[in-house]
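Since the structure comes first, as structure tokens, the remarks are kept for the end.
The values are calculated or read from the model by the stated rules, or taken from the named source; none is laboratory data. Keep in mind it's a predicted model, so treat the numbers as computed, not measured. Heads up, the Cβs are rebuilt from the backbone with ideal geometry, glycines too, and the neighbour counts pull from every protein chain shown. Each accessible area value is taken on the protein alone, full model and side chains, heavy atoms only, with ligands, DNA and RNA left out. Shrake-Rupley method; radii C 1.70, N 1.55, O 1.52, S 1.80 Å.
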Amino acid sequence: MTKHLFVAFLLGVILSSEGCRRHHMSHSTGQNPVSPTPIDSTLATRPALPADSVSVVSPAPARPGIEEARTNVAEIDFRYLTAKSKISFKSRDQDIDNANVNIRVRKDSLIWLSVSKLGIEAVRGLITRDSIIIIDKIHREYSVHDFPALSKQFNFNMNFELLQALIVGNLPLPKRPAQKIKNERDYLLLRQSEGKVLVENYIGEQDRKLKKLMVTEQPTKNTLRLDYEDFSSLNNFLFPYTSLVTVDYKSQADGQFYQTLLRIKHNKVELVEKNPGFPFTIPSNYTRRP
């Protein structure tokens, strides 16, 4: 990973940078992320995309049809989303504990975030379908990234849909025939392939909500796992107020497997029709980082 690592899969974000390394944004918190130590096996994660409306559906037959299962997945529809949240992030060279984050999303278009410590904004980010721009206000620097470059940097496929899914809890891939679907314990398991990536969606049989998502890049076996917790009612939808992302990847530097953890806990979430605004200006005296 490069110096400008960011937690840009926050609410879509792999956000922050060397600035966070130099000024560890850490508070005390009751939830301690697992330490990022070398591991032998890989995990995976879940993402998600928005859809129509969310209604609780009764359990499906033991072997539902592919289209029926997909149609019945309870997803969240919205125009704009705003959230006040806490994040904890831990990797082999970064440790951010319980930082405050404000998030704004325009569905399928923009993700805006502002990270602060002790009431002072440290990082502001803007994610579009094509790029990620991060402003480090502490060091008066900014960086610009695109998804292909990030995917190569992390040796893992990344895109806007995956980041939006992290925040919202919908399916990350568009509706199309699945490769395989079956009942597995208390879940309906929906398998999908996207290029060299295998996506496994674990859907609750009772409420039809995405509960766990596993993404595996098959050539490298790098994996991302997304666990959704603390579901509560939001505008007649079931919304996951806690997301835990676990990324296991093989370092291109030393060939070892490492683990990165990101926990997002939303304190307040609103689905609104009015544009909340996405203020984002790079000061002329800021230096662009490579």
Seminar exercise, completed: Counted residues in the stretch 210-226 being among the charged types (D, E, K, R), at negative phi, surrounded by fewer than 21 Cβ atoms within 10 Å (Cβ to Cβ) and modelled with pLDDT under 90 come to 0
For this session: Just give me the residues in the stretch 242-290 being touching an Asp or Glu at 6+ places or on another chain (Cβ under 9 Å) and among the aliphatic types (A, V, I, L, M), in sequence order.
Result: 244, 245, 271
Exercise. Restricting attention to the stretch 264-281, does a residue exist that is out of contact with any Phe, Trp or Tyr (no Cβ under 8 Å at 6 or more places or on another chain) and surrounded by 15 or more Cβ atoms within 10 Å (Cβ to Cβ)?
Worked result: yes
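If the requirement is being β-branched (Val, Ile, Thr) and either assigned to a loop (DSSP other than H, G, I, E, B) or open to solvent by 10 Å² or more (accessible area, probe 1.4 Å) (or both), which of these qualifies: 133, 111? Spell out the reasoning first.
Working: 111 fails: either assigned to a loop (DSSP other than H, G, I, E, B) or open to solvent by 10 Å² or more (accessible area, probe 1.4 Å) (or both).
Answer to the selection: 133.
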For this session: Can you tell me which residue among 207, 186 is among the acidic types (Asp, Glu) and modelled with pLDDT under 85?
Result: 186
Exercise. Is there a residue in the stretch 143-160 that is modelled with pLDDT of 90 or more and either open to solvent by 20 Å² or more (accessible area, probe 1.4 Å) or of a type in the set (Gly, Ala, Ser) (or both)?
Worked result: yes
For this session: Considering each of 246, 287 in turn, give the residue that is surrounded by 13 or more Cβ atoms within 10 Å (Cβ to Cβ), hydroxyl-bearing (Ser, Thr, Tyr), at pLDDT 90 or above and touching a Lys or Arg at 6+ places or on another chain (Cβ under 8 Å).
Result: 246
